[in-house]
1. Just give me a number: lysine pairs in the chain, eight or more positions apart or cross-chain, with C-alpha atoms less than 25 Å apart.
2. List the trypsin sites (Lys or Arg not before Pro) within the stretch 70-152 that DSSP assigns to loop and that have no more than 13 neighbouring Cβ atoms inside 10 Å.
3. Between 0 and 90 degrees, rounded to the nearest ten: what's the tilt of helix 2-16 against the longest Cα principal axis of the chain?
4. Sort out the exposed loop GluC sites (Glu not before Pro) in the chain (DSSP loop, at most 11 other Cβ within 10 Å) and tell me the longest stretch that has none.
5. Taking 0.36 nm per intervening residue step and subtracting the Cα-Cα distance, what contour gain separates residue 135 from residue 87 on full extension?
6. The stretch 189-230: which trypsin sites (Lys or Arg not before Pro) are DSSP loop and have at most 11 other beta-carbon atoms within 10 angstrom?
7. Can you divide the C-alpha Rg of the chain by 2.2 N^0.38 Å and report the result to two decimal places?
8. For the stretch 159-191 and the stretch 3-35, what is the centre-to-centre distance using only Cα atoms, to the nearest Å?
Amino acid sequence: MHASAGFAALASVWVVGSRKFGPGERKLPHNIAFVALGTGLLWFGWFGFNGGSALAANGAAAQAFVNTDIAGSIAMCTWLMISWWKDGKPSLVGAFTGAVAGLACITPCAGYVPTWASFIIGMAAGALCYGATKFREHMSWDDALDVWAAHGVGGVLGTILLGVFAYLSVNPAGADGLIAGNARFFGVQVGAVAIVVVYAFVMTLVILRVLDRFQPVRVPDEVELKGLDSELHGEEAYDL
């Protein structure tokens with residue numbers, strides 16, 4: 001799910017293009033308090049999403065719940081430490097983005113890997129997804145919410161790491177992974193996620209290109225510069 005959403009978002013970025021900014025406008029979060037609130041709501045809901053996937057209040061649900069919290073927390077701390085080291089200042093928005101990356105990464109694994117593996121998964125998610133944001137900046141892809149870097153890359157990583165850390169002893173309904181001696185399952189995970197990301201990217205690209213021939217998928221420049229709230233809805237989000 002996260003892998004397909006992330007690469008569909010990347011296709012959207014390629015088709016729609018970069019945002020246009022008026023004089024004095026910047027590519028910064030307009031309300032960090034809302035970022036914190038949104039992350040908290042997401043994290044809370046993620047417990048229900050991953051834990052509830054067991055469809056019962058049982059050991060698998062408890063394992064998924066614990067793994068979800070650990071991976072999200074470790075990814076948040078990993079991202080925070082890397083960004084602090086690189087930029088010289090701790091970033092609250094960076095920490096929250098790291099948390100979402102960790103939550104996305106642990107989602108495929110949550111009910112199938114042991115608790116110790118969730119620490120490794122969280123660190124890997126925080127580090128790799130942070131690197132993905134820097135690569136995205138280098139490529140000048142205007143993915144405003146870093147859906148590709150956090151959800152896409154995190155989802156791909158989590159799907160692959162499921163093939164590494166899965167244990168039947170954790171969840172008899174799953175499979176043993178690479179560490180447990182099952183290289184075939186690891187190969188299946190890698191192949192499956194490759195098919196998913198290619199399908200999601202190509203199909204989204206085709207759909208948007210076709211739609212754009214009948215109805216532009218991007219508003220005119222003058223509407224964008226004046227603001228979509230006022231031009232499309234006749235109201236302002238903030239009337240200061």
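FYI, it's all coordinate maths here, none of it is from the lab. Values in this document were obtained by computation on a predicted structure and should not be read as measured data. Cβ coordinates were reconstructed from backbone atoms using ideal geometry, including for glycine residues, and neighbour counts include every protein chain displayed.
1. Values: 20/134; 20/226; 27/86; 27/89; 27/134; 27/226; 86/134; 89/134.
Close lysine pairs found across the chain: 8.
2. Numbers: sites: 86, 134, 136; in loops: none.
Answer in residue order: no site qualifies.
3. So the inclination is approximately 20 degrees.
4. The longest such stretch corresponds to 26-234.
5. Working: separation 48, 0.36 × 48 = 17.28 nm, distance 1.58 nm.
Gain on stretching residue 135 to residue 87: 15.7 nm.
6. Values: sites: 209, 213, 218, 226; in loops: 218.
Answer in residue order: no site qualifies.
7. Working: Rg = 19.6 Å, N = 240, 2.2 N^0.38 = 17.7 Å.
That works out to 1.11 for the chain.
8. If you average the Cα positions of each part, the centres end up 35 Å apart.
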